[in-house]
1. Could you work out the mean count of beta carbons from other protein chains within 10 Å of each residue's beta carbon in A:202-208?
2. How many partner chain Cβ atoms sit within 10 Å of a residue's Cβ in peptide B:8-14, on average, as a whole number?
3. 222 nm [θ] for chain B, helices only, -39500 (n - 2.57) per DSSP H run of 4+, per residue, to 500?
4. Let a ≥ b ≥ c be the square roots of the eigenvalues of the Cα gyration tensor of chain B; is it rounded (a/c under 1.5), or, if not, prolate (a/b larger than b/c) or oblate?
5. Is the shape of chain A best called rounded, prolate or oblate, per the rule: a/c under 1.5 gives rounded, else a/b larger than b/c gives prolate, else oblate, with a ≥ b ≥ c the square roots of the Cα gyration tensor eigenvalues?
6. Which cross-chain or sequence-distant (5 or more) residues have an amide H under 5 Å from the amide H of B:V232, H modelled 1.01 Å from N in plane?
7. Based on the Cβ-Cβ distance from A:R272 to A:Y87, what FRET efficiency comes out when R0 is 41 Å, to the nearest 0.05?
8. Just to be sure I understand: if I project the alpha-carbon convex hull of the protein assembly as shown onto a plane and average over all orientations, what area do I get in nm²?
Amino acid sequence: MRIVSAQKAEKLSFAGLWLCTAIVILPVLGITVVLVWRGASALSWDLIVGTPHGLLAPIVGTILLVTLTGLIAAPLGIAAAVYLTEYSRGGPLVRLVRLAIVNLAGVPSVVYGLFGLALFVTLFHFGRSLLAGACTLALLVLPLVISTSEEALRQVPGSLRHASLALGASQWQTVRRVVLPNALPGIITGLILSIGRAAGETAPILFTAAFYSLTDPFPNSLLDPILALPYQLFVMVMEVPNVAPATKWATAFVLLAIVLGMNIVAVILRARLRGSRRW
Amino acid sequence: MKRSIAGAREWLIESTIRLAGVLAIIFVLLIFAFLLHDALPVFSEASLSDLLTGRSWRPTSEPAQLGMLPLILGSLYVTVGALVIAIPLGLGCAVFISEVAPVRMREILKPLVEMLAAIPSVVYGFLGLLMIGPWLADLMDLPIGQFAALGSLMLAFMALPTIVSISEDAIRNVPVTLRSGSLALGATDWQTIVRVVVPAARSGIIAASLLGLGRAIGETMTVLMVTGNAAVIPQGLAGFLKPVRTMTATIAAEMGETAYQTPHYHALFTIGLVLFVITYKHNAHSECPKG
C-alpha cells in the first residue's frame, strides 16, 4: 500500500515539475513568437529608410555603439584574462580581483549609467556621446569578456605551453604565439556574446549616449550623441505620443532579432568549437 | 643590444597585462568613489535618516522633499513578489532539467533557458506595457494596467534563467554515490530528489536565489515601463495591485531632467550608492558557498 502511494506521489510530483518547466519556457517563447510575428509583418522598407522614426538611424547608432564598446572592452578584458590564467599564481590579490569581477557583474546597469555620467560625460568632457556611451558599456560587459576569455584560455592544454617554454620561448612569446591563437575562437565567441548583451542595454546609455532626434539622427563624430534601438523603443513607447503601433512592433522586433541573433551565433560557434577541438 | 630592447618590450607588455589584471579592483573602487563624491553633498540638505525614512519624494518642490522610503518599499515589493514567483518555479525547472528530462530534451532546454536571459529588458517592458498589463488589468478588473505585481511577474521571468541555470549546476554536482545510496535503500526517484539531492545542493540553490535577487533589484527599464511610476508608499497586500516606483526606475526617469549639482542630482546619486552597496554585499555573500 505504502509503495503504491509513494509511486503515485512520484508521478504527481514529476507532473508538477513538467508544469514548472512549461511555465518557465512557454510564456516567454510565446511572447517571442508574437513579437516576431507582429514585428516582422509590420516591418517594411519604408519603415527602415523612411522618416520620421525610420529604423536605419537607430540601427546604425547601435552598431557603432557596440562596435566601439567591443574595441574598448576586448583589449582590457583579454589582458585581464591573460593575467589571471597565465601570470597570476593565486594568493590574496587574485582573490580580490575575482571578488571585484563578481561585484562588477552584479552592479545594476543604471548605476553604470550614473558612473558614466559622472566620469565620462562630466569629468572627461565627452558630453552625451557615442564615446561616453561606449566607455560605459565597455565597463558593463568587462566582467563577461574576462570570464569568457578566461574560460577559453584555460581550455588550452598545459602541454602546449610546456612545449613552447621547453623550446626556449619566453613566457610572453608562449602566450602570444601559442596560447592566444589556440584560445582565439573561444575568445571571439565570448566577445560576440558580450556585444550582444551591450546591444540590448538601455539604462547605461540613457544619460551617457542616447538621444531622440527627428532632424539630425546620424553622428558626425565620436563626440556626437546617437540614436540607439533600445532607447528608441523606450522613447516611442513611453514619451512620444502617436507613434504608429507598427513602428513600435517593428523596432522591438529588429532589436530582439539583433540581440538574439548574436546569441545564437555565439551558441553555434561554441558548439562547433567543442566538436572540432584537436586535443 | 637587440636582446635587451626585446626584453624591455616584453617587460612593458607584461607590466601592462598585470595592470589590466587588477583593473577590475580599480573600477570597483572608482565606481564607489564617484557615487560617493556625487552623493555626499545631499547631506547638507537632509540627514541620512531623513533620506531613508522620509515618506515623501518630491524632488522638484521648493524645498526639495527627498524621502526615499516610498522608493525603497517600491523596490522591496516588486523584488519580493518576483522572488516568490521565481524561486519555486526556477527550482522546479532546474530539478526537471537535471533529474527528470531525457538527455535529448535537456540539450534543447538548457540553451533555451540561456537564450531567455538574452532578451533585452526594454523588450520585456514593451510587451508588459502593451500586451500583458492591459490583459491582466482586464482579467482582474483593475483600473490601470501598470502595477507592482506586473513588475514582479516580468522580473520573475528575467531572474529565472539565472536561478535555473545555477541551481541546475548545483544539483548536477551532487555526487552520484549519494543518489545511488538513497535508491539502494528503496527510496523512489522523487524521494531521492526531495530528501537527498536538493538538500545536498542547498548552498548552490541559495546562491542562485541570491543572484536572482540581485538581478531583480537592479533591473531598471522593465519596472520603469510597467509599474506605473507613482512614488507612493505601498500599503499591505493591496499594494501589489497599485502603481509603485522603484529606486532604479527613479534614477532612470529623473536623471535626464535634473540640473547638475542640485540636491535632486545628489539624491539620485545617493539612491545609486544605496543600490551599489546592496548589490555589493549580497554578491560577497552569495559567492561564499562556492568558496
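Here, each number is a calculation from the coordinates, and none is a lab measurement. What you are looking at is a predicted structure, and each value in this text was computed from that prediction instead of being measured. No Cβ is skipped: glycine too gets one built from the backbone with ideal geometry, and neighbour counts run over all protein chains shown.
1. Mean partner-chain Cβ count within 10 Å for A:202-208: 5.
2. Mean number of neighbouring Cβ atoms from other chains: 3.
3. -21500 deg cm²/dmol
4. It is oblate, given that a/c is not under 1.5 and a/b is not larger than b/c.
5. Since a/c reaches 1.5 but b/c is at least a/b, the shape of chain A is classed as oblate.
6. B:R245
7. Given R0 = 41 Å and the Cβ-Cβ separation, E is 0.85.
8. Over all viewing directions, the protein assembly as shown projects a mean Cα-hull area of 31.4 nm².
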